[in-house]
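Taken together, the values in this text are just the output of simple stated rules run on the coordinates, not laboratory data. From a predicted model like this one, the values you see are computed outputs, not experimental measurements. Virtual Cβ from ideal backbone geometry, glycine too; neighbours counted across all protein chains shown.
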Amino acid sequence: MTTDPVPAPAANDPPVRRTEETTVAPAPADNDADDDEGVDTATISSSTASLTESVFAYRKLHGRPYKKTSTTEYWAPVDDTQNEGLDIIHNVLLMALDNKLYLAPIGDHPGKVLDVGTGTGIWAVDFADQHPSAEVTGTDISPIQPAWVPPNCNFEIDDCLREWTWPKDHFDYVHIRSMYGSIPDWEAFYSKAFRHLKPGGWLEDLEMDLKIFSDHVDIPADHVFNKWADLFYSAGEKIGRSFAVANNHFMKDMMIKVGFVDVVEKQIKVPLHGWPGDPHQKQMGYLGQLGLDQSLEGFGTFIMTQIHGWTPEEATVMVAKMRKETRKMSYKSWYWTTVVYGRKPEDAA
């Protein structure tokens with residue numbers, strides 16, 4: 001399989017935390033270059049040595065860039081099409097939480113806040129705007145966040161699967177969202193949040209289920225809604241990174257296991273398409289349909305071709321079938337979104 005490099009990030013991309021060396025090939029000589037610039041290639045090489053290899057580690061599949069690091073190969077593309085879909089879904093989730101960014105009782109002045117897997121950074125930016133006294137840090141393996149952000153918000157390239165480099169008992173609130181299919185060990189993942197939260201600090205995680213349901217139409221077992229979900233569930237089993245963490249109280253049980261107290265779970269039925277009579281629900285459904293329609297190809301292609309071994313043509317047919325069915329308002333379809341939050345005890349060691 002051939003891979004095509006993606007251009008390196010621009011100068012205004014978020015700062016990089018880690019300091020693993022990356023080899024920089026010397027630039028070819030250019031006899032026509034203006035020597036008055038005084039460019040020192042050794043200086044250039046040394047200044048880039050602090051950038052992690054993961055900043056530049058992309059490959060193209062079926063014409064779209066996918067992020068690759070030493071710990072993972074992310075299953076969704078990182079291009080404008082997918083990012084726009086993620087921002088639409090952000091607004092869907094905002095509406096699902098009654099126009100709130102979070103549910104945990106963190107108070108009006110949360111202090112130091114960490115948004116793990118920040119993606120496009122839209123949640124972190126909105127949170128920083130709402131809480132100007134907070135110090136908000138968003139982390140992700142991809143530098144796809146905006147350059148212009150509130151002064152109390154910053155983004156860092158960081159792999160959450162490695163050891164976290166912040167001090168113990170550092171954050172007042174850790175926010176996680178849509179990390180399904182990315183975490184091999186959720187107990188270890190939540191334990192990191194526990195370790196780096198201050199006593200009394202809160203962890204909150206929002207994850208979505210991938211299966212679409214209907215209370216009005218019988219969805220047979222062989223329907224594309226069920227086949228689509230099963231593709232993700234089985235892919236998660238193959239790669240050891242579950243896509244089913246929103247189900248069966250998994251997140252709640254795991255938070256309790258690692259030591260969180262006052263753990264609360266809330267499951268929300270989120271409509272797909274504009275079938276609800278309630279105006280708020282109707283708008284949420286239309287937005288959800290728009291976001292899903294734009295994101296379907298990106299969500300499914302890697303899973304089908306790289307994990308299940310399908311041909312690109314087979315994947316395209318599956319995406320088309322799924323898109324066709326999700327556009328049918330008559331199904332009055334919906335999916336689960338699960339939010340769980342818990343507190344680190346005041347007397348935690």
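Where in the stretch 235-249 does the amide nitrogen come within less than 18 Å of the point 7 Å from the Cα of Ser191, taken along Cα to Cβ?
In the stretch 235-249, the label zone of Ser191 (backbone N under 18 Å from the point 7 Å along Cα→Cβ) covers 241-242.
Determine, from the Cβ-Cβ distance of Thr165 and Glu325 and an R0 of 41 Å, the FRET efficiency 1/(1 + (r/R0)^6), rounded to the nearest 0.05.
Working: r = 45 Å, r/R0 = 1.09.
Once rounded, the FRET efficiency stands at 0.35.
Once both labels are modelled 7 Å past Cα along the beta-carbon direction, what's the Ser234-Glu265 spacing in nm?
For Ser234 paired with Glu265, the spin-label model returns 2.7 nm.
How high is the FRET efficiency from Asp98 to Val317, r the C-beta distance, R0 30 Å, rounded to 0.05?
Working: r = 39 Å, r/R0 = 1.29.
According to the calculation, E is roughly 0.20.
Cα centroid distance between the stretch 168-240 and the stretch 88-116, in Å?
Their Cα centres are 17 Å away from one another.
P(r) of the stretch 76-343 in 5 Å steps, Cα pairs, percent per bin?
Percent of Cα pairs in each bin: 1, 6, 12, 17, 19, 18, 13, 8, 4, 2, 0.
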